[in-house]
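See below for the structure under consideration.
Coordinate-derived values only; no laboratory data. What you see is a predicted model, and the numbers here were worked out from it, not measured in a lab. No Cβ is skipped: glycine too gets one built from the backbone with ideal geometry, and neighbour counts run over all protein chains shown.
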Amino acid sequence: MTEAGTPPHVPTIRDVAARAGVSKSLVSLVLQDDPRVSAARREAVQAAMSELGYRPSRRARALSRSRTDTVGVLLNDLRNPWFIDLLAGLATTLRTAGLSPILADSHTDHRVGIDSIEMLLGLEVDGIIVVGTTEEELRIASAAEQVPVVLAGTREPHLPRLDVVVNDDLAGARSAARHLISLGHTRIGHIAGPDEIGALRLRGFRETLLEAGLDADQYLETGGFSEEGGYAAARRLLSRPTPPTAILAFNDVAAIGALSAADDLGLRVPHDLSLIGYDNTHLTRIRHISLTSVDNGSFAVGVQAGRFLIDRLRNPSLDARLYLVPTSLDVRSSTAAPPVL
C-alpha cells in the first residue's frame with residue numbers, strides 16, 4: 001500500500017526484465033511477438049508481466065515496431081447477413097492478439113466516391129482481410145505489395161503470398177443436391193452465383209445430378225448475391241411450362257428472393273417447391289422461413305483468416321496457403337418430397 005497522496009508504482013519493462021531474469025531487449029522482442037524468442041523465455045517474460053500487472057503501452061508498442069496494431073477488414077456490402085458470424089470469429093481472433101479491426105464497406109464507399117483500400121492504407125493498417133467477393137481485385141493486388149492480405153470467403157484475386165480461407169463450396173453444393181435427390185426430386189434447379197465461388201457451387205450441383213442420371217442443365221439461372229436477383233431467377237424457373245420441384249440457391253439471401261417468387265406464384269414451400277439456401281445465416285432460423293441451408297462454417301472462416309494474418313505479420317515471406325472449412329447441411333422445413341402429380 002502506498003502512502004496517501006503517493007501514486008502507486010507502475011511496473012516498467014525494466015521491472016519485467018528483472019523479475020524474469022532477462023534483458024530489457026528480450027522483453028521488447030516478446031512484446032513484438034518475435035519468432036526468434038524461445039518458448040521458455042517467452043513464458044518467463046509473460047509470467048513476469050502477469051505477476052507484476054504490467055500493461056504495455058499500446059502507443060509505445062506501435063511506435064517501437066512501426067505498427068499500429070490495426071487490421072483493415074474490407075467487406076463488399078455490410079447488408080449481407082453472412083458477414084455476421086464470420087466477423088465475430090475474426091474479431092475474436094484479432095482482439096486476442098491485441099489487434100483492432102477497422103471495417104470498410106466497399107459498396108457504400110464506392111457510392112460516395114471513397115476508395116476503401118486507399119482509405120485503409122492511409123490509416124496505416126498492419127494488414128488487410130478481404131471478406132467475400134469484391135470488385136476491388138486490382139486495388140487488392142496493389143495493397144498486397146504494401147501490407148499482408150488475407151482473403152476470407154473468396155478465392156480471388158490469385159496472387160503470390162496471398163492466403164485464402166473459404167468453405168468447401170464443392171462439397172457444400174454436393175450435399176444440398178444429394179439431399180434433394182434423396183427426397184425424390186428429379187427436376188432440380190439452381191440459382192447460380194458469380195465468380196469462382198459460384199462456379200464451384202455450380203460444379204458441385206451439376207456433378208451430383210449427373211451422377212444420379214439427372215439433367216443438370218435444364219433448370220439453371222443466374223441470380224447473383226441479392227434477394228432481387230434470386231427473386232428474378234426463381235420467377236424465370238418457376239414460370240416455365242414444366243417448372244422444377246426443387247431449387248438450390250447460391251446463398252440464403254437469393255433463396256429468400258426465391259421464396260417470395262414462389263409465394264407470388266401461389267406455390268407453397270415445401271409442398272409445391274423445396275428450397276435450399278447456402279450460408280446458414282440467421283435468416284434461415286426465422287420460424288416462418290425455416291430454410292434448409294448449407295452451413296459454411298463462417299465463424300471458423302473468420303477465426304482462421306485472423307490466424308493467417310497474424311502468422312503473416314510475423315513472417316511475411318510465408319508461401320500462400322489455402323484453408324478449406326468443412327460444410328454441413330442444416331435441414332429445416334423448406335424441403336420435402338416432391339408433389340404427387
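Observations
- Along the axis of the charge dipole computed for the chain (Cβ charges of +1 for Lys and Arg, -1 for Asp and Glu, origin at the Cα centre), the listed residues 329, 96, 288 are led at the positive end by 96.
- Couplings 3J(HN,Hα) for region 250-267, derived from phi with the Karplus relation 6.51 cos²θ - 1.76 cosθ + 1.60 (θ = phi - 60°), are 4, 8, 5, 5, 5, 5, 5, x, 5, 4, 5, 4, 4, 4, 5, 8, x, 9 Hz, where x marks Gly and Pro.
- Anisotropy class of region 169-296 from Cα gyration tensor, a/c 1.5 cut: rounded
- The chain: relative contact order in percent, alpha carbon pairs under 8 Å with at least 6 residues between: 18
- Order of 49, 119 - criterion: other Cβ atoms within 10 Å of each residue's Cβ, fewest first: 119, 49
- Residues 158, 288, sorted so that the one with the fewest Cβ neighbours within 10 Å comes first: 288, 158
- Placing pseudo-labels 7 Å out from each Cα toward the beta carbon at residue 32 and residue 12 gives an inter-label distance of 2.0 nm.
- Extreme residue, positive dipole direction of region 169-296, given options 192, 255, 214 (C-beta unit charges): 214
- Three-way shape label, the chain, alpha-carbon gyration tensor, a/c 1.5: prolate
- From least to most packed, judged by other beta carbons within 10 angstrom and beginning with the fewest, 282, 185 follow the order 282, 185.
- Residue-averaged 222 nm ellipticity for the chain, from DSSP H runs of 4+ at -39500 (n - 2.57), nearest 500: -13000 deg cm²/dmol
- Net charge, residue 269 excluded, C-beta distance under 13 Å - Lys, Arg +1, Asp, Glu -1: -1
- Against the chain, whose longest principal axis is taken from its Cα atoms, helix 83-96 shows a tilt of about 20°.
- Beta bridge orientation in the chain: antiparallel %, DSSP, nearest 5: 10
- Build a GNM of the chain with springs between Cα atoms under 10 Å apart, and of 234, 40, 246 the one that fluctuates most is 40.
- Spatial separation of Cα centroids for region 241-267 and region 293-330, in angstrom: 31
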